[in-house]
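Student: Quick one: structure below, then a few questions.
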Amino acid sequence: MDAPSLHEAARGPLRYLVTAPASGAALAYINLLGADVCTSPDDMLVANMRGGPIPRAGVAVGDVYITRLYEVPDVYSVATLSHHEAVHSWQWAVASFIAGPTAFPTAYGATEVVLPGSQNPFERGAGLANGGYDVPDNVEVLWLGIIAWLVAGGVWVVVRYRRRNKHDASCPRRTRRRDRTT
């Protein structure tokens, strides 16, 4: 018997646990605006929205795929798009496990600014054709993706460092033992 793929191995309780904060926020959003919800073959919740802003043909937030099915081109089935979005859910789970629940949307957004659409390495990893993207002939954008990741990582490190080193003016700083006067 063949070993399961990385995507298949990531399905299940651990992925759901790690993406729970984002999935919960998405469920609150779709319940607030109203949506018909079903489960896809990839164990994603698919929310067919009637209103509210949605980028592109849809967006994965944790384990919830928010879309307007009437805007999805006929050539792409919901199952194909759901598989593409399920890979994004796996990407979200890995990033959340490593750096927290906001890591994936931050990294994705920073990468999207530098490498939009089909050039985005997250979209390439999820399968461009399955996501309805035009598949480019060249793969020269890989080095730009690496640079975008390094920039996103650098921003994350700086933000975390600054948060840890903020001191409230009302709290006295700790002093070394020899600096204390007794």
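Student: Around residue 126, under 12 Å between beta carbons, what's the net of Lys plus Arg minus Asp minus Glu among the other residues?
Tutor: It works out to a net charge of -2.
Student: According to the Kirkwood expression over distinct Cα-Cα pairs, how big is the hydrodynamic radius of the stretch 80-135, in Å?
Tutor: Across the stretch 80-135, the inverse of the average 1/r is 11.3 Å.
Student: At 1.4 Å probe size, what's the solvent-accessible area of residue 19? Round to the nearest 10 Å².
Tutor: 0
Student: Efficiency by 1/(1 + (r/R0)^6): what FRET value for residue 149 and residue 39, r their Cβ-Cβ distance, R0 = 35 Å, to the nearest 0.05?
Tutor: Calculated value: 0.60.
The values are calculated or read from the model by the stated rules, or taken from the named source; none is laboratory data. Computed from a prediction, not measured in an experiment: that's the story for all the values here. Heads up, the Cβs are rebuilt from the backbone with ideal geometry, glycines too, and the neighbour counts pull from every protein chain shown. When the accessible area is computed, the model is the full protein with side chains, heavy atoms only, and any ligands, DNA or RNA have been set aside. Shrake-Rupley method; radii C 1.70, N 1.55, O 1.52, S 1.80 Å.
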